[in-house]
Amino acid sequence: MRLFIIILSICMVYGQNRIGDWDSYTSTLNVNQILEFDETIIGATEGGLLMYDKNTKLFDELNNIDGLSRSKISCIALGNSNQVWVGGGEPHGFIQLYDINKRGNVQEFEYDVTEIIDFAVSDSLIYAIYRDQNDYGLIEIIYFNGEYIHKDLYPNWPHNTKLHEVELYKDQVFVGTELGLYFGEIGVDPNNWHLPFAELESTVKSLFLNDEKLSCISNDKVYTIDINSSMILFIDNLNGISLSDFVIKSDGSIIGFDRNEIYLINGSIIEKISAQKNTLNSVIILNDDNVVFSTITGLAVLKDNQNIEYVIPNSPVTNNFQAITIFEDGRVVAGSARGIAIKESKGWRNIVESTDNISVQLDKNYDFFIADSIPVDFGSSIAKMIQGPDGLLYCAIEGAYASRNGGGIIILDIDNPVNFTLIDTTYLDYFSDEFMVVKDLTFDRAGNLWVADPFAAAKHEPIHVRTAANDWFSFNADEVFGAIGLTPSTIVTDTWNRVWIGSFQGSGINSGYPDGGLSILAYSGESSSPSDIVWKNIPLNSSSNTVWSLAVTPDNRLYMLTPIGLTFYDLQYSNDNPIKFASPRYYFPNIAFGQESEIRLDARGNAWTVSGSDGIHVLLSNSTFWPDDLENVSVESINTDNYPLLSNNVTDITFDEKNGIAYISTNRGINSFRIPFATPKSNYSELNIYPSPYQVPNDKPLIIDNLKDNSSLKVMTVTGHVIRSLESNDLGENGYQIKWDGKNNEGHWVNSGVYILAVYTAEGSHKFGKVVVIRN
């Protein structure tokens, strides 16, 4: 017993690395609005809130994992008690009150509008400008009985015109619109607000409130108004310059900008400070009278009214990634039309396209933005990315031109970006105008690279293969007439090195050829000089002949994703009859699977399907659903309604198979979360137990993670009395985890105390852990 207690005393309980842990990785480069909070500049960005500490000069980021309703933020304003008002960007115009210090939600307001444009905040009242498609209006929120409540919404005010900015001063409200500057009183219907100045009955874009003076821009002039007397005090002529936003410094000088040009205005003297490389979004004046601009790539600080210092956060180059993969060393690589983003242990670095120059940062500071530039056109999107046997990154490119430094395939050394290769697939086969689209590529077990090259109108060669010796061979659709069309969308290989090709239908280019469908290619000899070539078209038991994506498990189950759902074939070694068993059904038939939909397989051979609007649906290898075993229309998907997924527009998934982590690319950034489907473990290491302490009653189970497959569990008191036994055959599809509901064998909640968790297998492997239980 003493040895048993000693073993228990050295067992560690881990609460940070639990099953289901989610994280979000977003790009905070595009900063829409900024404000000053204590010694921090806070930015509303396309990827959440960006925090820049003026003292440490370091960045921090907050997104949906930190309690934000969504991560695309268009505007912010200071509230009370360390709180900020957050306005959602297109297409979800929510309003949220957020606590900066506690990093959590205080209150949310959901509106069915496109975006929130601007806030004006007082102690007891909030006005927000919103846009709903092409219509604009005001939202009014009041503080009543200790909480904020929605009071009213004023659509199409005034007269269905565009609203730009709103300000509050005491009991008065001011709104800059396309029709002019509106004055009103708080609590009065906005339809009774008025335009007090004939001079300001045209577009007023920007307002600046300073004590009892309100300044605005209209007709290339800056008007300064005494609020108390409602009189125009000053008029500064801009001499034809149109400013998008401006501030007034303590000495009365005006700093303003128009897109990427900054101006300093002192009375009649107008000086252009410089034309900036970045588009500017907004400007604020800090408490120390310094000026900061928000830009499409971080912050720009104006020094001494002359020099601009750019401070750009470490971030992926975009939120809209189309493809994602993971390297053998654990680095995550995501791709888009903007380039490549690499997630390393220190942070993000990027490889972006340039016109004709190479620029590589030798000294990389991961506290800030890192981007190497190479003369490569990444096309309109990246359809697929994989790491090749040579350790290089292979990218299938859609929408590139050879004449613009493009290739249908880009091969890139991510550690030495100057080492890249562009493969001109127009040389292999394509339209005469050099426009390239490669839908898929894969390596077979012999290291040959197979390429799906749709719209092969020139030579009618839609499938290419490159050997490890860099020899190319193309397969001609005319020579195998009736076996394959000219629109392959997906390509995979099985254990017997046969090639499976799925094609899409509905393109006029397939006239005289099979329109879509599934094909198999078997051959003997080298892929660059094949012999005994056998092509076969596999009829689909479906109302659609389109195949969007294929995937093959190590035990030769071929998954196929079509517009009407997911199905599978079990394969056998027979070229005449390659299908041993065909699934009698299509799974997820009610999901809108389109041309960007994909199948990805985890380490256990489970099929993960993604769509452009419906999130993720998972079919386990035993043909049951995950995470919930429901039927057809009731299938519980992984989506924004029930998980912290950044967007339901999921583009790709990759897996860290060793550690059991799924990485998901979306049009709003990248998510990761732990899944119970890692590569089976050969032995026990440390147990990961969460949560600890564990409170009961609880509708969520205790999770014991990092186990060998087919583990059983015994829950014991510190004296060794077994109060609950869970045998491996009772645990279902748990992978490397066991869940305990906090009850004993009689089904009653256990009492408070320390409990020993003993996990073991039938072969004799075992491990101990412990957990503190608190019964409420």
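Computed from the coordinates by the stated procedures, all read-outs in this text should not be read as laboratory data. Just so it is clear, the model here is predicted, and its values are computed rather than measured. No Cβ is skipped: glycine too gets one built from the backbone with ideal geometry, and neighbour counts run over all protein chains shown.
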Q) Check E598: other-chain or 5+ apart residues with amide H under 5 Å from its amide H, H built from backbone geometry? A) V610
Q: Please report, largest first and rounded to whole Å, the three semi-axes of the ellipsoid equivalent to region 28-156, where each semi-axis is the square root of five times an eigenvalue of the C-alpha gyration tensor.
A: 23, 17, 12
Q. Is region 532-674 best put as rounded, prolate or oblate by its Cα gyration tensor, with a ≥ b ≥ c the root eigenvalues, rounded for a/c under 1.5, and otherwise prolate when a/b is larger than b/c, oblate when not?
A. prolate
(Q) Let's see if you can work this out: charge +1 on each Lys and Arg Cβ, -1 on each Asp and Glu Cβ, no other charges. What is the dipole magnitude of region 28-156 about its Cα centre, in debye to the nearest 20? (A) 200 debye
Q. Taking region 431-533, which trypsin sites (Lys or Arg not before Pro) meet the DSSP loop condition and have no more than 15 other C-beta atoms within 10 Å?
A. R445, K459
Q. How high is the FRET efficiency from K57 to K346, r the C-beta distance, R0 25 Å, rounded to 0.05?
A. 0.90
Q: Can you bin region 439-591 into rounded, prolate or oblate? Criterion: square roots of the alpha carbon gyration tensor eigenvalues sorted a ≥ b ≥ c, rounded for a/c under 1.5, prolate for a/b above b/c, oblate for the rest.
A: oblate
Q: Quick one: dipole size for the chain, taken about the Cα centre, charges +1 on Lys/Arg Cβ and -1 on Asp/Glu Cβ, in debye to the nearest 20.
A: 2400 debye
Q | Shape category assigned to region 163-221 from the gyration tensor of Cα positions, a/c cut at 1.5 | A | oblate
Q | At 0.692 mPa s and 37 °C, Stokes diffusion of region 672-776 via Kirkwood alpha-carbon radius, µm² per second | A | 236 µm²/s
Q) Pulled fully out, how much extra length does the chain show between I533 and A457, if you take 0.36 nm times their separation in residues and subtract their Cα-Cα distance? A) 25.1 nm
Q.
Just to be sure I follow: if Rg is taken over the C-alpha atoms of region 50-100 and Rh is the Kirkwood radius over the same atoms, what is Rg/Rh?
A. 0.99
Q | Answer label for Cα extents along the principal axes in Å (calculated), chosen among (i) 91, 79, 51; (ii) 129, 107, 93; (iii) 96, 69, 49 | A | (i)
Q.
I need the peptides 249-259, 59-69, 217-227 ranked by packing, meaning the mean over residues of other C-beta atoms within 10 angstrom, with the highest value on top.
A. 59-69, 217-227, 249-259
Q. Taking region 277-342, how much of its Cα-Cα pair set, in percent, is spaced more than 19 angstrom apart?
A. 50 percent
Q. Do any trypsin sites (Lys or Arg not before Pro) in region 50-91 lie in a loop, going by DSSP, with at most 14 other beta-carbon atoms within 10 Å of their beta carbon, and if so which?
A. K57
Q: Calculate for the chain the 222 nm mean residue ellipticity that helices alone would give, adding -39,500 (n - 2.57) per DSSP H run of length 4 or more and normalising by residue count, nearest 500 deg cm²/dmol.
A: -500 deg cm²/dmol
Q: Pull up the DSSP beta bridges for the chain and report the antiparallel fraction as a percent, rounded to 5.
A: 95 percent
